[in-house]
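In what follows, a structure is listed as structure tokens, so that the remarks can point back to it.
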């Protein structure tokens, strides 16, 4: 087996997430990648992704790997070849050969996500696909204080939507920053793994703190409760980006 790792970016607006949904008729990133690779190999190719981003979620640094045993193009030229065949909202940034035991998902040690909030009184159509619009004033300092309570290892059951069953809801957050850059508030979070919709629920909870609906000091209580109903809303997908996967 010749194992190739691809790093890619995509605008998730027109896709029903990363993972292929067989028989549904819904277009996904994985389906487009596999069909494009098949054009070069003449056989079915399966790609394995680092993160199963939901419908409408974007990526700056998604990682996949695939068996390139019969790949006809030199590895350094893969991005150029694939980008000429892929739609414009999916871009291969880098290709490299990796050991046979490398797996885009199971070899990952941590991931970084970013959620963007467009915080101005008037919406901007050029940010609508890539951020959540919030016209009310937000307290950045309160959001930053609340974020600090989430650092470290905790049981994040309260920040999990119902979805794929998991053995444990304990995760470790290494970095969680809330920063304002012009009209955008960016919530950047790095952890060893994330539960279903966890980042979007954390962003929704920090938004409630920024609006003054939750004091920052309520965060430990929300964590301890393990009750989803006590955390904030799940923010829409268009503000979320998979930024980086580390191995």
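The values are calculated or read from the model by the stated rules, or taken from the named source; none is laboratory data. The structure displayed is predicted, hence computed values, not measured ones. Cβ: placed from backbone, ideal geometry, glycine included. Neighbour counts: every protein chain shown.
Does residue 95 count as more than 23 Å from residue 190 (Cα to Cα), modelled with pLDDT of 95 or more and surrounded by 13 or more Cβ atoms within 10 Å (Cβ to Cβ)? Give the derivation first.
Numbers: more than 23 Å from residue 190 (Cα to Cα): yes; modelled with pLDDT of 95 or more: yes; surrounded by 13 or more Cβ atoms within 10 Å (Cβ to Cβ): yes.
Taking the combined requirement at face value, the residue satisfies it.
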List the number of the failed condition for residue 89; all other conditions in (1) within 15 Å of residue 19 (Cβ to Cβ); (2) modelled with pLDDT of 95 or more hold. (1)
Residue 162 vs. criteria in contact with a strand residue (DSSP E or B) (Cβ under 8 Å, 6 or more places away or on another chain), at negative phi and assigned by TED's automatic domain parsing to the domain that holds residue 224: no
Yes or no: residue 153 assigned to a strand (DSSP E or B), within 30 Å of residue 181 (Cα to Cα) and touching a helix residue (DSSP H, G or I) at 6+ places or on another chain (Cβ under 7 Å)? no
Is one or more of the residues making up segment 130-138 more than 25 Å from residue 53 (Cβ to Cβ), in contact with a helix residue (DSSP H, G or I) (Cβ under 8 Å, 6 or more places away or on another chain), surrounded by 12 or more Cβ atoms within 10 Å (Cβ to Cβ) and in the same structural domain as residue 179 (by TED's automatic domain parsing)? yes
Can you tell me which residue in segment 104-113 is farthest from the chain's Cα centre (by Cα), limited to those that are part of a strand (DSSP E or B) and crowded, with 21+ Cβ neighbours inside 10 Å? 111
Do we have residue 208 as farther than 20 Å from residue 58 by Cα, touching a strand residue (DSSP E or B) at 6+ places or on another chain (Cβ under 8 Å) and free of Cβ contacts under 8 Å to residues at least 60 places away in the same chain here? no
Pull up segment 56-81, narrow it to residues that are touching a helix residue (DSSP H, G or I) at 6+ places or on another chain (Cβ under 6 Å) and more than 23 Å from residue 247 (Cβ to Cβ), then point me to the one that is surrounded by the most Cβ atoms within 10 Å (Cβ to Cβ). 56
Would you check if residue 169 is at pLDDT 95 or above, in contact with a helix residue (DSSP H, G or I) (Cβ under 8 Å, 6 or more places away or on another chain) and on the phi < 0 side of the Ramachandran plot? yes
Checked segment 49-103 for anything within 20 Å of residue 29 (Cβ to Cβ) and in a helix (DSSP H, G or I); matches are 78, 79, 80, 81, 82, 83, 84, 85
What are the residues in segment 177-192 that are over 24 Å from residue 124 (Cα atoms) and crowded, with 16+ Cβ neighbours inside 10 Å, if any? 189, 190, 191
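May I ask you to list the residues in segment 134-150 that are outside any loop (DSSP other than H, G, I, E, B) and under 19 Å from the mean Cα position of the chain (by Cα)?
147 - this is the single residue of segment 134-150 that is outside any loop (DSSP other than H, G, I, E, B) and under 19 Å from the mean Cα position of the chain (by Cα).
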